[in-house]
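Working notes for the structure below.
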Amino acid sequence: MVLSGSAVALLLSAVAAVAYLGIRERETSLQFKQLNRSMVRLRQQLEAAMDVRRLLDHRAMPLPPSGGWAASSDFVALVGELLVAHRPRHIMELGSGLSTIFLADMGDAQDPAQITSLDHDPAYAEQTRAHLCARDLGAHVRVIDAPLQPLDLSGEQYRWYALP
């Protein structure tokens, strides 16, 4: 059987269309799976945020937002679990903010842990201090301005909080 030029062109067009649709179906399936994973992660973050906020008395102002550079809600919830389970006497934190406020507020009112939080950004450190002050939580929390500086460790260069 010999096909004419137009029949060959039609057949090749049909094969190309089927191949294209197969590729699009796979891409759409992958996009759907990624979207589904993102939605599950978002739900987990929202549930954790609700748990965290239920635990705290918001007193003077709402908590700063979570995520981005700030601690995520699931991380803050995990920190709360560890705080309750281990009841540390002193907490050293690298980077102040939502987690600092949460730790200070969640601490034992009768015998709170001492919290030391280093922050490389003076504006964020001051914002954290303002939130702590508004909630009357500053007595057992020390937020230290500690700019990042070069640190040589085994021949590798890193940026780390200034030691003084």
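The values are calculated or read from the model by the stated rules, or taken from the named source; none is laboratory data. Values in this document were obtained by computation on a predicted structure and should not be read as measured data. Note: ideal-geometry Cβ built from the backbone for every residue, glycine included; neighbour counts use all protein chains shown. Heavy atoms of the whole protein, side chains included, go into the accessibility calculation; ligands, DNA and RNA do not. Shrake-Rupley method; radii C 1.70, N 1.55, O 1.52, S 1.80 Å.
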For residues that are hydroxyl-bearing (Ser, Thr, Tyr), touching a strand residue (DSSP E or B) at 6+ places or on another chain (Cβ under 8 Å) and open to solvent by 90 Å² or more (accessible area, probe 1.4 Å), tally how many sit in the stretch 116-160. 1
Scan of the stretch 108-164 for residues that are in contact with a His (Cβ under 8 Å, 6 or more places away or on another chain), modelled with pLDDT of 90 or more and closer than 25 Å to Leu82 by Cα, ordered by number: Gln114, Ile115, Thr116, Tyr161
Residues in the stretch 93-107: is at least one modelled with pLDDT under 95, loosely packed, with under 13 Cβ neighbours inside 10 Å and not in a strand (DSSP E or B)? no
Pairs needed: first member in the stretch 71-86, at pLDDT 85 or above and surrounded by 13 or more Cβ atoms within 10 Å (Cβ to Cβ); second member anywhere, polar (S, T, N, Q) and in a helix (DSSP H, G or I); C-beta distance under 7 Å; at least 6 residues apart or different chains. Val79/Ser99
